[in-house]
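Notes to accompany the following structure.
The values are calculated or read from the model by the stated rules, or taken from the named source; none is laboratory data. Since the structure is predicted, the reported quantities are computational estimates derived from the model, not experimental observations. Here Cβ is always computed from backbone atoms with ideal geometry, including for glycine, and neighbour counts include all displayed protein chains.
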């Protein structure tokens, strides 16, 4: 799956990759604000799915999902500090909490 956002300067931090602005499409501030907040949240979720190298892990990250590429098995859940750490995983993604209902 490819990203549909890209990082951009400014307070919202993200924009849609292929969005072609149309004059007047955000005539009302609320429309613009809601759109940009949705794109920002989507960018943050895409960041969470992007695997990070083991060198970027810090014990403050806690337990994570650990991957070996190419993916051929389920991820290891835990940290490199675990007693039973397999030792061959190279990348991790943080565990995200589900939204509260």
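Quick rundown of the values:
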{"read-out": "Matching option when the condition is surrounded by 12 or more Cβ atoms within 10 Å (Cβ to Cβ) and either in contact with a helix residue (DSSP H, G or I) (Cβ under 6 Å, 6 or more places away or on another chain) or outside any helix (DSSP H, G or I) (or both), among 33, 12", "value": "12"}
{"read-out": "Per-region count, the range 45-64, residues surrounded by 14 or more Cβ atoms within 10 Å (Cβ to Cβ) and either over 19 Å from the mean Cα position of the chain (by Cα) or closer than 10 Å to residue 5 by Cβ (or both)", "value": "2"}
{"read-out": "Members of the range 87-101 found to be exposed (fewer than 12 other Cβ atoms within 10 Å of the Cβ) and at pLDDT 95 or above, listed by number", "value": "88"}
{"read-out": "Selection count where residues are in contact (Cβ under 8 Å) with a residue 12 or more places away in the chain and touching a helix residue (DSSP H, G or I) at 6+ places or on another chain (Cβ under 9 Å), scope the range 15-30", "value": "2"}
